[in-house]
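The values are calculated or read from the model by the stated rules, or taken from the named source; none is laboratory data. From a predicted model like this one, the values you see are computed outputs, not experimental measurements. Counting neighbours? That spans all protein chains shown, and the Cβs are built from the backbone with ideal geometry, glycine included.
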Ligand code: 4GX
């Protein structure tokens with residue numbers, strides 16, 4: 001999959017794709033991340049990319065022409081991709097959206113700064129507007145990194161290992177059960193006996209119960225749309241006491 005990132009701060013992307021899984025995915029040709037500096041497409045002497053808002057008000061707005069030129073340049077070099085604007089007013093990013101995007105061949109991510117971009121760019125070029133959460137950041141660069149990270153790991157071959165079970169609807173709807181590794185005792189805290197027992201069926205049951213417990217405590221909203229068995233529902237009633 002190809003990602004083109006439009007930004008006035010390409011230097012911010014120096015490191016996130018150069019480690020571990022994403023680095024290997026790039027080397028293997030599974031993902032291709034290209035940075036496009038919007039400033040390079042500003043044609044005035046000082047390469048200005050922002051201007052005052054019509055109608056007044058605080059802050060600056062990104063000018064339409066440099067973004068439009070950058071988008072046309074990307075399209076000319078690598079064809080029409082799905083154009084995504086990162087913005088707090090977008091549809092909230094989640095695993096379902098990540099999965100949908102992982103089926104695309106080419107994503108073009110626009111990272112806005114200041115108060116945002118000229119509305120006419122959104123109307124003419126943007127296919128989807130996505131928010132990574134209900135808080136205000138200083139720019140769309142970190143959201144773009146989040147989207148590329150979450151989408152990339154869903155591309156076949158990127159994680160390397162066999163089909164990851166988290167993608168099964170059964171466990172996807174719940175928070176993770178607690179994980180332990182050696183040593184069996186750490187600062188007086190023991191690993192639960194069942195995990196050392198080698199009794200696979202009991203381990204599966206324990207993990208399901210702990211995932212339900214954790215979800216009930218931290219994210220009860222997730223239980224409403226979760227794919228729950230009759231047994232799960234009984235466990236939840238017992239947990240509620
Ligand atoms: N999830 N921000 C974008 C500037 C902006 C505003 C409107 C386009 C349209 C954010 C988020 C986020 C702050 C990035 C405002 N650009 N983006 N920026 N939360 O808060 O995605």
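Pairing residues of the range 120-138 that are under 19 Å from residue 59 (Cβ atoms) with residues that are assigned to a helix (DSSP H, G or I) and more than 7 Å from the ligand (Cβ to nearest atom), at Cβ distances under 6 Å and at least 6 apart in sequence or on separate chains, gives 120/64; 121/64; 121/67. Inspect all residues belonging to the range 12-28 and state whether any of them is surrounded by 11 or more Cβ atoms within 10 Å (Cβ to Cβ) and under 22 Å from residue 116 (Cβ atoms). Among the residues of the range 12-28, at least one is surrounded by 11 or more Cβ atoms within 10 Å (Cβ to Cβ) and under 22 Å from residue 116 (Cβ atoms), which makes the answer yes.
Scanning the range 26-41 for residues that are assigned to a helix (DSSP H, G or I) and either modelled with pLDDT under 95 or touching a helix residue (DSSP H, G or I) at 6+ places or on another chain (Cβ under 6 Å) (or both) yields 38, 41. Counting only helices (runs of 4 or more DSSP H) that fall entirely inside the range 42-136 and contain at least 3 residues that are under 19 Å from residue 1 (Cα atoms) and away from the ligand (no atom under 13 Å from the Cβ), the qualifying elements are 64-78, 95-101. Within the set 40, 51, 73, 32, the sole residue that is under 22 Å from the mean Cα position of the chain (by Cα) and surrounded by fewer than 20 Cβ atoms within 10 Å (Cβ to Cβ) turns out to be 32. Restricted to the range 137-162, and to residues that are in a loop (DSSP other than H, G, I, E, B) and over 25 Å from residue 29 (Cβ atoms), which residue is farthest from the ligand (Cβ to nearest atom)? The extreme case among them is 138.
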